[in-house]
Amino acid sequence: MSSAAPTINLTATGANIKALLRRRGLRVADVQNRCGFNTPQAIFKWMRGDTMPSIDNMVILADILDVTIDEILILN
């Protein structure tokens, strides 16, 4: 058994967010509006794997996508 703690793979998680949005037929603007962002830049950063959504935004994202947070995150 490995003693290393799991880590979030930012790039794979971002690609997963993008794929989940596409699968649900959602646009970046849909997420932007639900999260209350003035611009879509944060969402594009999530999809590139540059940053992760805050826990509050992760909860909103999971709700929009009708998945659990675990289904969004890709771990190493």
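The values are calculated or read from the model by the stated rules, or taken from the named source; none is laboratory data. Note that the coordinates shown come from a computational prediction; the quantities given were computed from them, not determined experimentally. Neighbour counts are summed over all protein chains in view; Cβ atoms, including those assigned to glycine, are modelled from backbone coordinates with ideal geometry.
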Region 34-73 - residue that is under 20 Å from Arg24 (Cα atoms) and among the acidic types (Asp, Glu) and, of those, surrounded by the most Cβ atoms within 10 Å (Cβ to Cβ) | Glu71
If you check every pair at least six apart or on different chains, which have Cβ atoms under 8 Å apart with a residue in region 52-76 that is over 20 Å from Phe37 (Cα atoms) first and a residue that is surrounded by fewer than 17 Cβ atoms within 10 Å (Cβ to Cβ) and of a type in the set (S, T, N, Q) second?
-> Ile74/Asn9; Leu75/Thr7; Leu75/Asn9; Asn76/Thr7; Asn76/Asn9
Is it the case that some residue within region 1-12 is at pLDDT 95 or above, touching a Pro at 6+ places or on another chain (Cβ under 8 Å) and of a type outside the set (Phe, Trp, Tyr)?
-> no
Members of region 1-56 that are outside any helix (DSSP H, G or I) and among the hydroxyl-bearing types (Ser, Thr, Tyr) = Ser2, Ser3, Thr7, Thr39, Thr51, Ser54
Taking interchain pairs and intrachain pairs at least six residues apart, which have beta carbon atoms under 9 angstrom, with the first residue in region 3-14 and closer than 10 Å to Ile72 by Cα and the second modelled with pLDDT under 95?
-> Ala12/Asn76
Within region 1-33, residues being loosely packed, with under 15 Cβ neighbours inside 10 Å, within 13 Å of the chain's Cα centre (by Cα) and among the small types (Gly, Ala, Ser) number 2
